[in-house]
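Structure, as structure tokens:
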Amino acid sequence: MVNVGVLALQGSVIEHVKILSGIEGVIPCEVRTVEELDKVSGLILPGGESTTIGKLLKDFEMAEPIKHRVKAGMPVWGTCAGMILMAKKIVDEDNTHLELMDITVRRNAYGSQLDSFSVSSNIPSVSDDSIPMVFIRAPWVECIGSDVEVLAELDGRIVAVKESNMLATSFHPELSANNAFHKYFVKMIENNR
Amino acid sequence: MTERYELNKNLAQMLKGGVIMDVTNAREAEIAQKAGAVAVMALERVPSDIRKQGGVARMSDPKMIKEIKSTVSIPVMAKARIGHLVEAQVLEALGIDYIDESEVLTPADDMYHIDKHSFKIPFVCGAKNLGEALRRIGEGAAMIRTKGEAGTGNVVEAVRHMRTIMADVRRLSTLPKEELMTAAKEMAAPYELVVKVAEDGKLPVVNFAAGGIATPADAALMMQLGSEGVFVGSGIFKSSNPEKMAKAIVKATTFYNNPEIIAEVSEDLGEAMRGLEISQISPENVLSSRGW
């Protein structure tokens, strides 16, 4: 059995927990404190508001412990707001959060809620089947460092990336019934053990 | 269920565990965002001022809403009067993220709420009980909040509405299927939604608390009662130290089950907004009785 954490400060926590609980061999754990962080072998940074989660991470002194664990090899996956938290650079903003991944992201890149959308697409490295992708006021990746692998693009924009033990998606796999991305992340954790 | 409606419910899911704050200008919006709000509600007067000043309360000036929208990166919501479909059309044209069809403004229609299915933009609506929540969802609301009693700084009505909704949901989930049509008739709610709630044991959309939340402990109380997030209206910018109060309420909402943290953030906040005893409000000034 493997403990997979979901950062539970704000946002789509329960959605991730529900999908994880349907995957064999996985115990989903909500993570709010350093003690809870110590018990997990991988961590999901969920969707939500990146400014809110970023502020709570800092105020409750969770940012450094998470960075420390990820740098020591713990797999981490950010969805939407989670991707923004992981980025080393955010377009038009001085403020960054965990600065883990060598990517530059643009927040609300597609526009307001009226521009939110969903599509399905094939991401061969993740699944043989088409994967539903839900974009809610989503960011995209504008530049990547040399060690970053692009997993998915949509209309010429990068929307899923991987850099060693780190995974980030602009969209929300936790909002669909398809668990391919979650299984992919669990495999990353199992390979890391 | 259309794809657009799903996306609109999805945005509400992203707001869960967060605080949505009333702001009346760009400066307040910035304070709210810095404090950790998940969204701001742009309006000209906070409910306690609407209550004090009286008169007809309408949709805010589009110029002010646009200024707020250009100041913050978090979602922006604004209020339309109950039944005022043109105010809703205007707000949609402004490209904001959510409309609150709100009893805090003076209703424009005393019979009918807006047909929210005919809009692309999502709506949040107030409710006092499950029947009212399901009528609004039937009309297309993608998110529900308790009505509470806005502008009072008195949480008692929000507590009553949240407890009522939760009790109604619990009751439905115990009923055998043949009793659900009668339940739908009694609560004047769409049958299909009644069946769905009975099966799932929860509302089909995200449910926040609103109306009278004035302290970090109030916010945590609503979360412990089953709310998935909170709206704070007058409670922040009518307190003596809005910035500190805003931050404290955000933290208490996240750590609603941790009394040590709530104690810590509640310390030295200055004065909370001046509250109002519900029984002192004359019946025509009770906002939660607007709409049906």
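The values are calculated or read from the model by the stated rules, or taken from the named source; none is laboratory data. These numbers were taken from a predicted model, which means no experiment stands behind them. Note that each Cβ is placed from the backbone with ideal geometry, even for glycine, and that neighbours are counted across all protein chains shown. For the accessible areas, the whole protein counts, side chains as well, though only heavy atoms, and no ligand, DNA or RNA atoms are used. Shrake-Rupley method; radii C 1.70, N 1.55, O 1.52, S 1.80 Å.
Pairs exceeding a 28 Å alpha-carbon distance, out of A:Lys55/B:Lys238; B:Lys9/B:Lys185; A:Lys58/B:Lys69; A:Lys162/B:Lys244; A:Lys71/B:Lys69: A:Lys162/B:Lys244; A:Lys71/B:Lys69. Place +1 on the Cβ of every Lys and Arg and -1 on the Cβ of every Asp and Glu in chain A, take the dipole about the Cα centre, and give the residue among A:Ala168, A:Asn3, A:Gly82 whose Cα lies farthest towards its positive end. After comparing all options, I get A:Asn3. Solvent exposure of the protein assembly as shown amounts to 40 Å² per residue of accessible area, where only protein heavy atoms count and the probe is 1.4 Å. Comparing B:Ala189, B:Val169, B:Leu225 along the charge dipole axis of the range B:128-247, the residue lying farthest to the positive side is B:Leu225, per the Cβ-charge model. For GluC sites (Glu not before Pro), the sites in the range B:224-292 that DSSP calls loop and that have at most 12 other Cβ atoms within 10 Å are B:Glu267, B:Glu271, B:Glu277. For the range A:1-78 versus the range B:165-217, the spacing of their alpha-carbon centroids is 31 Å. Placing +1 on the Cβ of every Lys and Arg and -1 on the Cβ of every Asp and Glu, with no other charges, gives chain B a dipole of roughly 140 debye about its Cα centre.
Report summary: the helix-based calculation at 222 nm, which adds -39500 (n - 2.57) for every DSSP H run with n ≥ 4 and divides by the residues of chain B, gives -12500 deg cm²/dmol.
For B:Val104, the shell of other residues with beta-carbons less than 12 Å away shows a net charge of +1, using +1 for Lys and Arg and -1 for Asp and Glu. Neighbouring Cβ atoms from other chains, within 10 Å of the Cβ of residues in A:53-60, number 4 on average. Think of each Lys and Arg Cβ as +1 and each Asp and Glu Cβ as -1; about the Cα centre, that makes the dipole of the protein assembly as shown roughly 360 debye.
The peptide list A:113-119, A:38-44, A:4-10, B:60-66, put in order of mean Cβ contacts within 10 Å with the highest first, becomes A:4-10, A:38-44, A:113-119, B:60-66. Expressed as a whole percent, the accessible surface of chain A that belongs to carbon and sulfur atoms is 44, based on a 1.4 Å probe. Projecting the alpha carbon convex hull of the protein assembly as shown along each direction and taking the average yields 22.3 nm².
Our helix-only sum for chain A, with -39,500 (n - 2.57) per DSSP H run of n ≥ 4 divided by its residues, gives a mean residue ellipticity at 222 nm of -7500 deg cm²/dmol. Computed 3J(HN,Hα) for the range A:48-60, one whole-Hz value per residue from the Karplus formula 6.51 cos²θ - 1.76 cosθ + 1.60 where θ = phi - 60°, is x, 9, 5, 5, 5, 5, x, 5, 5, 4, 6, 4, 9, glycine and proline marked x. Rounded to two decimals, what is Rg over Rh for the range A:2-192 when you use alpha-carbon atoms and the Kirkwood radius? Expressed as Rg/Rh, it is 0.92.
Each 5 Å bin, from zero up to the one with the longest distance, holds this percent of the alpha carbon pairs of the range B:38-194: 2, 9, 17, 19, 19, 15, 10, 5, 3, 1, 0. A simple charge model with +1 on the Cβ of Lys and Arg, -1 on the Cβ of Asp and Glu and nothing else charged puts the dipole of the range A:2-192 at about 100 debye relative to its Cα centre.
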